[in-house]
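Every read-out reported here was derived from the displayed coordinates using simple, explicitly stated rules and does not represent laboratory data. Just so we're clear, the structure is a prediction, and the values are computed from it rather than from any experiment. No Cβ is skipped: glycine too gets one built from the backbone with ideal geometry, and neighbour counts run over all protein chains shown.
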């Protein structure tokens, strides 16, 4: 989702999300074969810049001076973090939350999380390494390994008030792709939008709910299911994806059954067909069911995290 985050100072602590429980997660799931970075000439002491030129900026590199292993994640960072920070414990519980809610087996692999200390450094690295991608505040990327095998699952983001929301969002993507063959783009983003929120909110995004109620809003799940490019997902698509997922997980029971059966198919195939016909069979008129569900939802009361 597009966003305009302000520049932040380098973080000396991991926890930087006070008061941002409903921050929009400006991020995407990407499953490309990433464009190789531009080759960098080896630096030697006897190389002298041409007359009238200055040495260019050093090549962008990912953080990695320190690493922290928690649960299925390895966090790479160049600043000190408080390993007792409650955010680590919350993220460790996320796999059980996601897989338990969706009826999926637990993820047993490793997710690499690269935490940049500044927005500028994060954006320079992403432009140099993944320059074909649109600017986003955070990314999940599954990179095919040389020689085959399971993809390397990587999350990139920078520290700031958005950190808690963005990590929950991107790690949800990683967990889904760790146990499923594939996830349709709209469903991937809808599920990540649901689980990016604190558990006590039961997946209700107050900002999405307000915008959808304000209207005009005409749901079109058939259109969502045809989207297959990151650039096609904008704010309206994120909102509608979240709404359909919330209907299936918190609405009438047959909707959740339809979603669970669809996800089980995705464990064995990346071509499960469309979900809309299954929802029509389960709910009758999905559009009417969605309108009724959104009308009944209560806006959650949220508490800002107190600074530590």
Order of 159, 118 under a 10 Å beta carbon neighbour criterion, fewest first: 118, 159
One-quarter of the Cα convex hull surface for region 182-301, in nm²? 7.1
Fewest Cβ neighbours within 10 Å first, please rank 195, 140 accordingly. 195, 140
Distance in Å, no decimals, from the C-alpha centre of region 205-229 to the one of region 230-261 is 9
Exposure proxy order (Cβ contacts within 10 Å, fewest to most) of 181, 256: 181, 256
